[in-house]
Amino acid sequence: MDDGQRDALVSRVNKTIAKARANSVPIAHVRVAFQPGHPEIHQSHPIMGPAKQGNVLVDGTPEAALLPELERDPSEPVFTKVRVNAFTTTGLASWVSAHQTTELVMCGVATGLVVLKTAVHAIDQDLEVTVLSDLCVDANEARHDACMDAVLPTLARVMPSDEWLAALGRPGGGGGPDDSPQKTAAGALRGLL
């Protein structure tokens, strides 16, 4: 993704989370970061192994931080993961439960890895899932397209952020089927690409 595409994505994410926040949607952020030396992962891990081999995404470094352009409210939690799925190595599941969430609204990088694995986990936790298609990106464009066009629609609602935002405040706001679910927006703006 070039700088112009990155800036446009961050701008759309900021617009979406600002409107979600204004509609009292709880928001959480997820990032990936490792301790120095990457003791959390084996170098043969097909997705996270390259981070260890390249000594990248070390906690406390700029590359492991949320993007500085992201307009995060200080009250919104940031969960740090050491695996692809945003649930398995974080407190995200407890936070979702504490907010009595019934629907998880997602965006992130990379569509075919982080977004897909997190969406499947959320579904297995009996959450409804909405994926904001224009707020997801993948370095592998074919994988992104396959997820958005064929895989994710069988598991979740897939829609552009403007469509989801337009539904906020209407009965069943956010595109969900019932009139009063607790919506939660969680997104990851850093992923191993």
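Summary table below
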item: Residue match in segment 39-47 (condition: open to solvent by less than 40 Å² (accessible area, probe 1.4 Å) and either out of contact with any Phe, Trp or Tyr (no Cβ under 8 Å at 6 or more places or on another chain) or modelled with pLDDT of 95 or more (or both)); result: no
item: Residue pairs meeting the criteria (Cβ under 8 Å; at least 6 apart or on separate chains; first more than 17 Å from Thr16 (Cα to Cα) and open to solvent by 60 Å² or more (accessible area, probe 1.4 Å), in segment 142-164; second among the hydroxyl-bearing types (Ser, Thr, Tyr) and at pLDDT below 95); result: Arg143/Thr111
item: Close pairs (6 angstrom Cβ cut-off, 6 or more residues apart or separate chains): hydroxyl-bearing (Ser, Thr, Tyr) in segment 114-129, open to solvent by less than 20 Å² (accessible area, probe 1.4 Å) anywhere; result: Thr118/Asn85; Thr118/Ala86
item: Close pairs (7 angstrom Cβ cut-off, 6 or more residues apart or separate chains): buried (at least 17 other Cβ atoms within 10 Å of the Cβ) in segment 83-101, hydrophobic (A, V, I, L, M, F, W, C) and assigned to a helix (DSSP H, G or I) anywhere; result: Val84/Leu113; Val84/Val114; Ala86/Leu92; Ala86/Val114; Phe87/Ala93
item: Answer residue from segment 27-38, given it is surrounded by 11 or more Cβ atoms within 10 Å (Cβ to Cβ) and over 21 Å from the mean Cα position of the chain (by Cα) and is farthest from Leu92 (Cα to Cα) among those; result: His38
item: Criterion violated by Asn14 - all others in (1) under 27 Å from Glu141 (Cβ atoms); (2) touching a residue at least 24 places away in the same chain (Cβ under 8 Å); (3) open to solvent by 30 Å² or more (accessible area, probe 1.4 Å) satisfied; result: (3)
item: Members of segment 48-81 that are part of a helix (DSSP H, G or I), surrounded by 15 or more Cβ atoms within 10 Å (Cβ to Cβ) and out of contact with any Leu (no Cβ under 8 Å at 6 or more places or on another chain); result: Gly49, Lys52
item: Hey, Leu192 modelled with pLDDT under 90, closer than 25 Å to Pro39 by Cα and surrounded by fewer than 20 Cβ atoms within 10 Å (Cβ to Cβ) or not; result: yes
item: All positions within segment 105-129 that are surrounded by fewer than 23 Cβ atoms within 10 Å (Cβ to Cβ), in contact with a helix residue (DSSP H, G or I) (Cβ under 6 Å, 6 or more places away or on another chain) and either in a loop (DSSP other than H, G, I, E, B) or not aliphatic (A, V, I, L, M) (or both); result: Gly112
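The values are calculated or read from the model by the stated rules, or taken from the named source; none is laboratory data. Note that the structure is predicted; figures quoted are calculated from it, not measured. Reconstructed Cβ throughout: ideal geometry from the backbone, glycine too, with neighbour counts over all protein chains shown. To get the accessible areas, we keep the full protein, side chains included, count just its heavy atoms, and leave off ligands, DNA and RNA. Shrake-Rupley method; radii C 1.70, N 1.55, O 1.52, S 1.80 Å.
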